[in-house]
Amino acid sequence: MGRPIRISVPRRILSSENPVRQEYLSTIAEMNLSIELFTPDPPGGHGPLGSFLNEELYNESAVERASQLDLDVESVHCTPLLSGCSSSGAKVCADKVLDAQLGFQDQDSAEDTDDGGVSRYSYCDPSVFVFHPPRTYANENADLQRRRKQLVATLGNARLRLENNENLDSVPILTIENVCPRGPFEYLLTEAPDVPKFEKATADLQREQPEDIDVPSVQFTVDLGHAPNPLAMLDAVGRPAHVHLHGSIPITETDRLQGIRDKYGIDDDALLGPEEPPGEIQHLPPQDGRQDVGRMVDTLDSSGYSGPVVLELAPPFRTSETLRQTIDALRTAGW
């Protein structure tokens, strides 16, 4: 049977009427694979209330549609935690988790809770939430280590808020994911040397707390496709909480990229995948990327990681046939 494999499914695909996408989703269910729900900003989700209301509405609809397709939402990939280094970060983080799991009772059946709030019902119970860390403009010359310390506090306080919420049956693991550099921004987690910086931030924050307060360690989602050196990232993290997997190839390797087009029947004018700095096409099937999948599997084995790898495939590769080929390649690599 092999170890668990999960498929990242953007929310909009679940309601797609495209027959290729429908067959793709059917194949995920047929192969008994669960999904990670990717929740980008919903349309019309701006303004003081729009983003909150739409996020809750669109997530619940997506989870309901997944259930109709016999797909279990086992984890959720949220939008970036842009306010994670602010004084409101813990509330924003906790609210994102709650809004992706809980709906509001209708007016007739709603009951006031002891704290004056309104009771909610659970429609989703994922084990892991993935956030991109906050970003800052490079020209701000921000103190990134101070921001890491703030993010550690945000994640710890958000977890405390969730543990105290009587509507949740269980509290998911909150993780931050390493990202590749994008545009004019600096991120708190991109390379292996950033990991011990979070460990130092946690230790610094712990020294400032009363003896009865424990600062939780940061939990990491390691994105093996985004990491400049995935084996070094795994070594720095030790045993990750969660793993994302996709292939990447430098844009200069034109012959290899053309070979992928030919292999999967993709037109020359179609976008293979997002182009990310430093000049790579990403979110390809992992067996076609520059990374050695077998070595990554061995490294995960050595770390004691027992969770799933989550496949994140670009749109041209979201087909039933490509999914089956990719699963076969992962099983052949030892997963």
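Each reported figure results from applying straightforward, stated rules to the coordinates on display, with no laboratory input. Values in this document were obtained by computation on a predicted structure and should not be read as measured data. Reconstructed Cβ throughout: ideal geometry from the backbone, glycine too, with neighbour counts over all protein chains shown.
Here are some notes:
- Label corresponding to Kirkwood radius over Cα pairs in Å when calculated from the structure given, among (i) 21.9; (ii) 21.0; (iii) 19.4: (ii)
- With at most 11 other Cβ atoms within 10 Å, longest stretch of the chain clear of loop GluC sites (Glu not before Pro) (DSSP): 212-335
- Burial ordering of Ile35, Ile281, fewest other beta-carbon atoms within 10 Å first: Ile281, Ile35
- In order along the range 73-81, the Karplus-derived 3J(HN,Hα) couplings, from 6.51 cos²θ - 1.76 cosθ + 1.60 at θ = phi - 60°, round to 8, 9, 8, 10, 10, 8, 5, x, 8 Hz, and Gly and Pro are given as x.
- Leading residue at positive end of dipole, the range 127-191 (Cβ point charges), from Phe129, Asn139, Thr154: Asn139
- Cβ-to-Cβ counts within 10 Å put Val152, Val297, Val118 in ascending order as Val118, Val297, Val152, the fewest first.
- Taken about its Cα centre, the chain carries a charge dipole of about 840 debye when Lys and Arg each add +1 at the Cβ and Asp and Glu each add -1 at the Cβ.
- Residues Cys93, Cys124, arranged from fewest to most other Cβ atoms within 10 angstrom of their Cβ, appear as Cys124, Cys93.
- Across the chain, the mean sequence separation of Cα contacts (distance under 8 Å, 6 or more residues apart), normalised by length, yields a relative contact order of 17 percent.
- Rounded to the nearest 20 debye, the dipole size of the range 204-294 about its Cα centre is 300 debye, using +1 on the Cβ of Lys and Arg and -1 on the Cβ of Asp and Glu.
- Placing +1 on each Lys and Arg Cβ and -1 on each Asp and Glu Cβ, with no other charges, gives the range 246-330 a dipole about its Cα centre of roughly 220 debye.
- With Cα atoms defining each centre, the range 227-282 and the range 287-335 are spaced 12 Å apart in the structure.
- GNM result for the chain, Cα springs below 10 Å: residue of Ala100, Ala138, Ala314 fluctuating most strongly: Ala138
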